[in-house]
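In what follows, a structure is listed as structure tokens, so that the remarks can point back to it.
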Amino acid sequence: LDNDLFCGEMLLLFRTSEVDEPIPEGTTDSDPVVRYFRGKQRRFEFQWQFKLKKVPDGDVFVCCELDEPVRLGMIQRTLVNTVLKFVKKMNQGFSYFLSDTSENPSYLAFPVGTSMDRFCATKPGKEPPKLGNEIYEDPDLMRKRRKGMKIEWNTEDVYTLALWSAYFDWIDWQILNFPGIRPFSATSVAGVQPIKLTLYSVSNNFDSMD
């Protein structure tokens, strides 16, 4: 990933069925991704590592965006809104919009500061975390960040981020593990269309977006 705003890389890790299969005592998994997910509830983990070329002028978000309209029946809309309200309760600053027209895209937006499961800023001269491994973040700093502590972005540090969830299975394309809701197909909500993952910032003056 390299543009006018930052340069870096992204790693997508997905849980497969092998993770839940028993292994003989005294042996280990040969697949490092299977080994990484074993013992965890998460269905996926996205990791980013980058340096900024420009300091954001406002809050930074990770966004999932759909170009095509989302058309839901009454029962489907009620179900999806229940799920999204649960996500909003668990993620301070989370916002979403479901559009039934092609004029405005549907999106789910997570603020980096409060929604990332891990956030690590590595100073120049230090070795940043290696993607594909567990990313360490100081527990005290993590608590403050998730409560809304302002992130002081700069162009010198290497930033490493991780986002994971037990509620969406990209392999089986299911939404699952929500209290009181049976697993259901993501196709019933989004249809068959690409999902765009973006990082963006919103100016504090609300008159520009990067």
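What net charge do the residues around Lys53 carry, taking every other residue with its C-beta under 10 Å from that of Lys53, with Lys and Arg at +1 and Asp and Glu at -1? My count for the surroundings of Lys53 gives 0. Please give the calculated 222 nm ellipticity per residue for the chain, where each DSSP H segment of at least 4 residues contributes -39500 (n - 2.57) and the sum is spread over every residue; nearest 500 deg cm²/dmol? The helix-only estimate for the chain comes to -5000 deg cm²/dmol at 222 nm.
From Cα pairs below 8 angstrom and at least 6 apart in sequence, can you work out the relative contact order of region 110-191, rounded to a whole percent?
Numbers: 89 pairs, mean separation 25.8, N = 82.
Result for region 110-191 is 32 percent.
Sorting Met90, Met142 on solvent-accessible area from highest to lowest, probe radius 1.4 Å, gives Met90, Met142. Relative to the 2.2 N^0.38 Å rule of thumb, region 1-118 has a C-alpha radius of gyration ratio of 1.37. Using Cβ point charges alone (K and R +1, D and E -1), the dipole size of the chain about the Cα centre works out to roughly 780 debye. How large is the accessible surface of Tyr96 in square angstrom, using a 1.4 angstrom probe and rounding to the nearest 10? My reading of the accessible area for Tyr96 is about 70 Å². Remark on region 20-73: ratio of C-alpha radius of gyration to 2.2 N^0.38 Å is 1.93. Within the full protein context, the accessible area of Lys130 is estimated at about 150 Å² for a probe radius of 1.4 Å. Protein-only accessible surface at a 1.4 angstrom probe places the residues Glu21, Glu127 in the order Glu127, Glu21, largest first.
For Ser17, the solvent-accessible surface with a 1.4 Å probe is about 80 Å², rounded to the nearest 10. A 1.4 Å probe over all protein chains sorts Leu197, Leu84 by accessible area into Leu197, Leu84, starting with the largest.
Taking the inverse of the mean 1/r over every pair of distinct Cα atoms in the chain gives a Kirkwood hydrodynamic radius of 18.9 Å.
Taking Cα pairs under 8 Å and at least six residues apart, what relative contact order does the chain come out at, in percent?
29
The values are calculated or read from the model by the stated rules, or taken from the named source; none is laboratory data. The shown structure was predicted, so the numbers you read here are calculated from the model rather than taken from an experiment. Heads up, the Cβs are rebuilt from the backbone with ideal geometry, glycines too, and the neighbour counts pull from every protein chain shown. Please note that ligands, DNA and RNA were not included when accessible areas were found on the heavy atoms of the full protein model with its side chains. Shrake-Rupley method; radii C 1.70, N 1.55, O 1.52, S 1.80 Å.
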